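Report on the following structure.
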Amino acid sequence: MTICPECSAETNYNIDCAAFFSECLALEFTDSQYDEVHHLTVATYMLQHSSRLSLDGWLATRQLLREFLVENKSPLLIKKQNKSIVDNGKRKWKITSRDGQAFINRDTWAKTILDVNLNNSTAYRGTIIAWARSVLKSSESIPFVTHTGLPDHRTGNQHDFS
Ligand SMILES: [Zn+2]
């Protein structure tokens, strides 16, 4: 048994979060019933595993999850929105992490990807949505919101996202 350093999921050596995530994606790519929640799977996993994201990328992902779950925007609509932002050159920051360091405390989360039920598509969609809602709620309780407001816990410096 090990504890995921990013989301505190208790994993065994046969399957860690990354391996479980891969299994989810494999199901989604091969079965349209599973694929219905693909956008939630990816955004939620990324939010919980912050080593993959820059702070701006993390904040944008949280906003994306909020648009899916609270504002009920479709993945297609959001794709169009984002495309126009990228095409217009408005986005000046990187989504992916520069240093591969996690910056969200692993104890933030009430649910992890291991709470997802792979047995059938109905259970799968239900548990993905429950996990996504829980993660959004937990992520919104983190007391930083601005692009420059996150203290860097490793160095004590502010991140520079200019
Ligand atoms: Zn994890």
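The values are calculated or read from the model by the stated rules, or taken from the named source; none is laboratory data. No experiment lies behind these values; they were computed from the predicted model shown. Ideal geometry is used to build each Cβ from the backbone, glycine not excepted, and the neighbour counts take in all protein chains shown.
For region 82-116, give me each residue that is of a type in the set (Val, Ile, Thr), surrounded by fewer than 13 Cβ atoms within 10 Å (Cβ to Cβ) and within 21 Å of ALA19 (Cα to Cα).
Passing the criteria: only THR96.
Name every residue in region 10-39 that is assigned to a helix (DSSP H, G or I) and either within 16 Å of the ligand (Cβ to nearest atom) or modelled with pLDDT under 90 (or both), in order of residue number.
Listed by number, the residues that qualify are CYS17, ALA18, ALA19, PHE20, PHE21, SER22, GLU23, CYS24, LEU25.
Can you name every residue in region 101-122 that is within 11 Å of the ligand (Cβ to nearest atom) and not in a loop (DSSP other than H, G, I, E, B)?
Within region 101-122, ARG106, ILE113, LEU114 qualify.
Given the conditions (1) assigned to a helix (DSSP H, G or I); (2) in contact with a Ser or Thr (Cβ under 8 Å, 6 or more places away or on another chain); (3) surrounded by fewer than 20 Cβ atoms within 10 Å (Cβ to Cβ), report the number of the one that VAL135 does not fulfil.
(3)
Quickly run through region 46-55 and pick out the residues that are over 8 Å from the mean Cα position of the chain (by Cα) and within 15 Å of ILE142 (Cβ to Cβ).
LEU53, LEU55
Mind checking which residues of region 46-55 are within 18 Å of ILE128 (Cα to Cα), more than 10 Å from the ligand (Cβ to nearest atom) and in contact (Cβ under 8 Å) with a residue 24 or more places away in the chain?
LEU47
Which one of the conditions (1) surrounded by 12 or more Cβ atoms within 10 Å (Cβ to Cβ); (2) within 13 Å of the ligand (Cβ to nearest atom) does ALA43 fail to meet, given that it meets all the rest?
ALA43 satisfies every listed condition except (2).
Say we look at region 46-65 and pick out the residues that are closer than 19 Å to ALA102 by Cβ and of a type in the set (A, V, I, L, M); which of these is surrounded by the fewest Cβ atoms within 10 Å (Cβ to Cβ)?
ALA60
Of all residues in region 19-34, how many are surrounded by 15 or more Cβ atoms within 10 Å (Cβ to Cβ) and out of contact with any Phe, Trp or Tyr (no Cβ under 7 Å at 6 or more places or on another chain)?
The total comes to 3.
Tally the residues that are more than 19 Å from TYR45 (Cα to Cα) and in contact (Cβ under 8 Å) with a residue 12 or more places away in the chain, restricting the search to region 93-121.
Of the residues in that region, 1 qualify.
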